[in-house]
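Novice: I am attaching a structure below and will ask some questions about it afterwards.
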Amino acid sequence: MADDYLVRIGKLIRDARQHRGWTQTQLAEALGTSQSAVNRIERGNQNISLEMIARIGEALDSEIVSLGYAGPMHLRVVGRRRLSGTIDVKTSKNACVALLCGSLLNKGRTVLRRVARIEEVFRLLEVLNSIGVRTRWINEGVDLEIVPPAQLDLDAMDADAARRTRSIIMFLGPLLHRTDSFRLPYAGGCDLGTRTIEPHMIALRRFGLDITATEGIYHARVDRSTSPDRPIVLTERGDTVTENALLAAARHDGVTVIRNASSNYMVQDLCFFLEALGVTVEGIGTTTLTVHGIPTIDVDVDYSPSEDPVEAMSLLAAAVVTESELTIRRVPIEFLEIELAVLEEMGLDHDRTSEYTADNGRTRLVDLTVRPSKLEAPIDKIHPMPFPGLNIDNVPFFAAIAAVAQGKTLIHDWVYDNRAIYLTDLNRLGGRLQLLDPHRVLVEGPTRWRAAEMMCPPALRPAVVVLLAMMAAEGTSVLRNVYVINRGYEDLAERLNSVGAQIEIFRDI
């Protein structure tokens, strides 16, 4: 039992070191020990003290090592602090995970710039590393280099890491070009109710992919005689469904037409990346994509994913609920225009700069300054629609915003089975939210927020909404087990602290 514990400790340390882009020698130098000692630790062949674990975690600046030993991460939030200054939006979490999956199409070296260092990315890197893909952080840990092996070792896939991310479903598209049969663990991620993968299957069957599911594993077989002979019509205009179809079409030797495609931000970033790989994609930004696939992709590519509109919305909501003046830089305005239009009707006072171009050369950005505003509840309900409608992931932030507005706001979160239920956690903090059914919640404002101690909701965006409400509440709140936030946000607490919040990260001893 002790030996197994040491092996698990060693694996956590090795993964954290590799994510940092360090060699064993570099870690040894930081610790004042030898490379051979680090090697023994990582192989589970050396006893290790709690003091040494703490030193390793500090040296690697890694939540992975800390989580492995000290238990879940919690946040202690001192509320009623005004935010001020400027904060930059990080690159898109959803684009980064799609591009990591897309790197499997390429036999050459892929470099992705300013990749979000989040748990969702780390889980995918663990999966990629386990099947033989070499990844390392370069340029002081800012950029990510990905080099595939000549042959993937799919039988060695890290199933535990794969099950902790729903993004693993996007391995199906690229892998069907790599081998005639393979296995993939069931996808995980946020607890958002039942989510079928049938739309993926309907699209990918047209490329000869057949899936059977047994005991937590998807068993995939590919019939090379099958290929799309007419346009693929997606039964769901979903982001990951569209991305999977794009990934399958990219190496299909021929022209593939995808209809009812999502034109959302992460899909556009994936299309731009495919173009960098040499694949022609017509209709980017529309619901019909025409892909001119190439059977072999072997290029060295350097690509910069664009900024995250959902993180931008998170920061905007933080300013609104704390009644702050805050400038949010590098906002992908094309994917936030509907949200801003709704907020303008509610009375939001804000300015925006002229548009400029993101590092990918395509996405339009602005800097946005939000000021304290007297908001009124919107006349119409808040509900998501596929892009260019109000973003599905931005709906929860309107619960916190509506809670500080005068009047009653109906939020209809029709996409997910139970996400609206998690929004009622705001009632623990003084909110007045009435759950009408699993998809609809009525929010009454304004709210006199109060501090509370509570568990983090198991869904990413509602979890951040609770954190924002704690920032607005009088007193000190505690949000326990915030792993789900770390799945989608890089250093969120520290970055909010940089503009005036007071959030302390701690763990149980």
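The values are calculated or read from the model by the stated rules, or taken from the named source; none is laboratory data. As the structure is a computational prediction, the values presented were derived from the model and not from experiment. Cβ sites come from the backbone with ideal geometry, for glycine too, and all protein chains shown count toward neighbours. Keep in mind that these areas ignore ligands, DNA and RNA; they rest on the heavy atoms of the full protein, side chains included. Shrake-Rupley method; radii C 1.70, N 1.55, O 1.52, S 1.80 Å.
Novice: Restricting attention to the stretch 366-389, which residues are of a type in the set (A, V, I, L, M, F, W, C) and under 25 Å from the mean Cα position of the chain (by Cα)?
Specialist: Across the stretch 366-389, the qualifying residues are 366, 368, 370, 382, 385, 387.
Novice: Any residue at all in the stretch 435-453 that is within 20 Å of residue 316 (Cβ to Cβ) and out of contact with any Leu (no Cβ under 9 Å at 6 or more places or on another chain)?
Specialist: no
Novice: Can you find, within the stretch 384-404, the residue that is modelled with the highest pLDDT among those that are of a type in the set (Val, Ile, Thr) and in a helix (DSSP H, G or I)?
Specialist: The selected residue is 401.
Novice: Any chance you could count how many residues in the stretch 77-90 are touching a Pro at 6+ places or on another chain (Cβ under 9 Å) and either on the phi > 0 side of the Ramachandran plot or crowded, with 21+ Cβ neighbours inside 10 Å (or both)?
Specialist: Qualifying residue count, the stretch 77-90: 1.
Novice: Every residue in the stretch 268-277 that is open to solvent by 10 Å² or more (accessible area, probe 1.4 Å) and touching a strand residue (DSSP E or B) at 6+ places or on another chain (Cβ under 9 Å), please.
Specialist: Within the stretch 268-277, 272, 275, 276 qualify.
Novice: Related question: Please state which one of 265, 218 is closer than 26 Å to residue 337 by Cα, among the hydroxyl-bearing types (Ser, Thr, Tyr) and either modelled with pLDDT of 95 or more or open to solvent by 10 Å² or more (accessible area, probe 1.4 Å) (or both).
Specialist: Just a single option satisfies the conditions, and that option is 265.
Novice: Now a separate question. Evaluate the following for residue 381: is it surrounded by fewer than 20 Cβ atoms within 10 Å (Cβ to Cβ), charged (D, E, K, R) and under 21 Å from residue 473 (Cβ atoms)?
Specialist: No.
Novice: I've got another one for you. Going residue by residue through the stretch 157-166, is there one that turns out to be more than 23 Å from residue 393 (Cβ to Cβ), open to solvent by 10 Å² or more (accessible area, probe 1.4 Å), modelled with pLDDT under 95 and not in a helix (DSSP H, G or I)?
Specialist: Checking the stretch 157-166: at least one residue is more than 23 Å from residue 393 (Cβ to Cβ), open to solvent by 10 Å² or more (accessible area, probe 1.4 Å), modelled with pLDDT under 95 and not in a helix (DSSP H, G or I).
Novice: Here is a check on your reading of the model: is residue 68 part of a loop (DSSP other than H, G, I, E, B), under 22 Å from the mean Cα position of the chain (by Cα) and at pLDDT below 95?
Specialist: So residue 68 does not fit the description; no.
Novice: Look at residue 387 and say whether it is open to solvent by less than 10 Å² (accessible area, probe 1.4 Å) and in contact (Cβ under 8 Å) with a residue 60 or more places away in the chain.
Specialist: For residue 387, the condition - open to solvent by less than 10 Å² (accessible area, probe 1.4 Å) and in contact (Cβ under 8 Å) with a residue 60 or more places away in the chain - is not met.
Novice: Another question, if that's okay. Could you check the stretch 344-375 and list, in sequence order, the residues that are outside any strand (DSSP E or B), under 30 Å from residue 271 (Cα atoms) and open to solvent by less than 40 Å² (accessible area, probe 1.4 Å)?
Specialist: 358, 360, 363, listed by residue number.
Rundown of residues vs (1) more than 24 Å from residue 233 (Cβ to Cβ); (2) among the basic types (Lys, Arg); (3) at pLDDT below 95, yes/no style:
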| residue | (1), (2), (3) |
| --- | --- |
| 254 | no, no, yes |
| 259 | no, yes, no |
| 274 | no, no, no |
| 281 | no, no, no |
| 286 | no, no, no |
| 289 | no, no, no |
| 292 | no, no, no |
| 302 | yes, no, no |
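Novice: Here's a follow-up. Go through the stretch 405-456 and report how many residues are open to solvent by less than 50 Å² (accessible area, probe 1.4 Å), of a type in the set (Phe, Trp, Tyr) and either at pLDDT below 95 or more than 25 Å from residue 486 (Cα to Cα) (or both).
Specialist: Final tally of qualifying residues: 2.
Novice: Six or more apart or on different chains, Cβ atoms under 6 Å: show the pairs whose first residue is in the stretch 27-40 and closer than 12 Å to residue 55 by Cα and open to solvent by less than 50 Å² (accessible area, probe 1.4 Å) and whose second is of a type in the set (S, T, N, Q) and part of a helix (DSSP H, G or I).
Specialist: Within 6 Å, the pairs are 28/35.
Novice: Condition first: in contact (Cβ under 8 Å) with a residue 60 or more places away in the chain and either aliphatic (A, V, I, L, M) or within 12 Å of residue 289 (Cβ to Cβ) (or both). Now tell me which residues in the stretch 238-248 satisfy that.
Specialist: 243, 245, 246, 247, 248, listed by residue number.
Novice: Next up: Report yes if residue 363 is within 23 Å of residue 331 (Cα to Cα), within 27 Å of the chain's Cα centre (by Cα) and of a type in the set (Ser, Thr, Tyr), otherwise no.
Specialist: Spelling it out, residue 363 is indeed within 23 Å of residue 331 (Cα to Cα), within 27 Å of the chain's Cα centre (by Cα) and of a type in the set (Ser, Thr, Tyr).
Novice: Do we find that residue 230 is more than 18 Å from residue 101 (Cβ to Cβ), of a type outside the set (A, V, I, L, M, F, W, C), out of contact with any Asp or Glu (no Cβ under 6 Å at 6 or more places or on another chain) and surrounded by 15 or more Cβ atoms within 10 Å (Cβ to Cβ) in this structure?
Specialist: In short, no.
Novice: Could you list, in sequence order, all residues of the stretch 459-494 that are surrounded by fewer than 18 Cβ atoms within 10 Å (Cβ to Cβ) and farther than 14 Å from residue 73 by Cα?
Specialist: Result: 474, 475, 476.
Novice: Here are some conditions: (1) modelled with pLDDT under 85; (2) crowded, with 17+ Cβ neighbours inside 10 Å; (3) in a helix (DSSP H, G or I). Residue 48 meets all but one. Which one does it not meet?
Specialist: Status for residue 48: all satisfied but (3).
Novice: For the stretch 308-343, name all the residues that are over 20 Å from the mean Cα position of the chain (by Cα) and among the β-branched types (Val, Ile, Thr).
Specialist: Selection gives 320, 321, 322, 327, 338, 342.
Novice: Name the single residue that is farthest from residue 91 (Cα to Cα) among those in the stretch 326-343 being open to solvent by 20 Å² or more (accessible area, probe 1.4 Å) and touching a residue at least 24 places away in the same chain (Cβ under 8 Å).
Specialist: It comes out as 342.
Novice: Let me ask something else. Of everything in the stretch 170-194 that's of a type in the set (Gly, Ala, Ser) and part of a loop (DSSP other than H, G, I, E, B), which residue is modelled with the highest pLDDT?
Specialist: Residue satisfying both the conditions and the ranking: 187.
Novice: Then there is this: For the stretch 106-134, give me the residue count where each residue is open to solvent by 20 Å² or more (accessible area, probe 1.4 Å), out of contact with any His (no Cβ under 8 Å at 6 or more places or on another chain) and in contact (Cβ under 8 Å) with a residue 60 or more places away in the chain.
Specialist: 6
Novice: Answer yes or no as to whether residue 507 is surrounded by fewer than 17 Cβ atoms within 10 Å (Cβ to Cβ) and modelled with pLDDT under 90.
Specialist: Criteria met by residue 507.
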